[in-house]
1. Restricting the search to the stretch 10-31, which residues are within 19 Å of residue 123 (Cβ to Cβ), out of contact with any strand residue (DSSP E or B) (no Cβ under 8 Å at 6 or more places or on another chain) and either assigned to a helix (DSSP H, G or I) or of a type in the set (Lys, Arg) (or both)?
2. Which residue, of 158, 124, is in a helix (DSSP H, G or I), surrounded by fewer than 20 Cβ atoms within 10 Å (Cβ to Cβ) and either among the small types (Gly, Ala, Ser) or modelled with pLDDT of 95 or more (or both)?
3. Working only within the stretch 186-236, note down all residues that are in contact with a Phe, Trp or Tyr (Cβ under 6 Å, 6 or more places away or on another chain) and within 30 Å of residue 48 (Cβ to Cβ).
4. Out of all the residues in the stretch 179-190, which are assigned to a loop (DSSP other than H, G, I, E, B) and touching a strand residue (DSSP E or B) at 6+ places or on another chain (Cβ under 9 Å)?
5. Just to be sure, is residue 63 among the small types (Gly, Ala, Ser), closer than 25 Å to residue 49 by Cα and modelled with pLDDT of 95 or more?
6. Do we find a residue being modelled with pLDDT under 95, of a type in the set (Lys, Arg) and either surrounded by fewer than 18 Cβ atoms within 10 Å (Cβ to Cβ) or within 21 Å of the chain's Cα centre (by Cα) (or both) anywhere in the stretch 29-44?
7. Look through 73, 103 and report the one residue that is part of a loop (DSSP other than H, G, I, E, B) and either on the phi < 0 side of the Ramachandran plot or not polar (S, T, N, Q) (or both).
8. Filter the stretch 76-100 for residues that are touching a Lys or Arg at 6+ places or on another chain (Cβ under 8 Å) and assigned to a loop (DSSP other than H, G, I, E, B); which is nearest to residue 263 (Cα to Cα)?
Amino acid sequence: MQGSFYLDSLPLAERIYRNQPDLVARLYSNPIQRYLSDGVVILPGVIPLDVLDQFDRDLESLADLETAPEILGSIGIDGPKKYYEARFLRNLGAKDFRLEPPGLKLVDLQRFFDSAKRLAFADSVTAFMQELFGSPAALIQSLTFWKSSEQSIHQDFSYVHHHRQLGQLAAAWIPLEDIQAEAGPLVYYKGSHLPDQLGFYDWGQGSILASRDADSSVFAGYKNHLEEIVRSRGLQPSIFLPKRGDLLIWHGALIHGGTPMLNPGLTRRSFICHYTSMASHKQAQQFRVGNGYSFDLPPALPYKPSTPRRIASKMTRMIDHLKG
């Protein structure tokens, strides 16, 4: 996918900002204006604490999968190679996910817990996305962290592209606790959200989209590319040390990452969601949640073939083995 596709898919608010910035102040709220100018906006104390309390209790239910409902074992996981290859929480091989090293991501908990769904579609989030996109918020993905991601700086649009309009992407970062400076907090660079001006990275054959199958040298080149942008433009890092109940929303092209944990005894519990407009989402099936839409299919129990099917499959394998 080429850079021109990204530019052609930007939401109207951003198009106006790029061409008539003075007009934005007359058409959009102050938070949207800050988001368009800086690529990020912080909204203090807007997330309901009772929902955060319920989400805390739901996360506690994952501490021991042996006693938890079987369906929770099918929660997706991602992160470093170990987690990416395991794919599901039940394959982690650990009794308590909270003891894992930094980088583990629990994927799409809104498919399993109503509290996660309520967080993803909190009024403060859906109202912002509605104004930004001119369309109800459509959730692409959520990620839940117990510790710091320690992820190197990156831009979401390179990795998150499960939607039709690549430029219509924003993320919400919700702290589940007060975040400490030594816990590996989020770092971001204001003003780094204009890739056409700062330079798109070529992942191969002119594509601006990343692939997990890319050669390691390509990923190293991407990291160097972003570091050179930060250095040459004199962009200064901002460290996010929020209080529980705060909300940070960033642009899909904002350069950001997770800083290293300086105190291994600290957690950095957080809930991150990626959104696009309802019209841009690829999934056809919609699930209305408050003033937004989730497109995730309901979870299903792990597939277990019937006894006759297992016998038939085993016999087929035996016959194929004898033929070989």
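The values are calculated or read from the model by the stated rules, or taken from the named source; none is laboratory data. This is a predicted model, so every value here is computed, not measured. We place every Cβ from the backbone using ideal geometry, glycine too, and count neighbours over all the protein chains shown.
1. 30
2. On the way: 158 fails: surrounded by fewer than 20 Cβ atoms within 10 Å (Cβ to Cβ).
That would be 124, the only listed residue that is in a helix (DSSP H, G or I), surrounded by fewer than 20 Cβ atoms within 10 Å (Cβ to Cβ) and either among the small types (Gly, Ala, Ser) or modelled with pLDDT of 95 or more (or both).
3. 186
4. In the first step, residues of the stretch 179-190 are kept if they are assigned to a loop (DSSP other than H, G, I, E, B); the result is 179-180, 184-185, 190.
Within the stretch 179-190, 179, 184, 185, 190 meet the criteria.
5. On the way: among the small types (Gly, Ala, Ser): yes; closer than 25 Å to residue 49 by Cα: yes; modelled with pLDDT of 95 or more: no.
No.
6. no
7. 103
8. Checked the stretch 76-100; the qualifying residue nearest to residue 263 (Cα to Cα) is 100.
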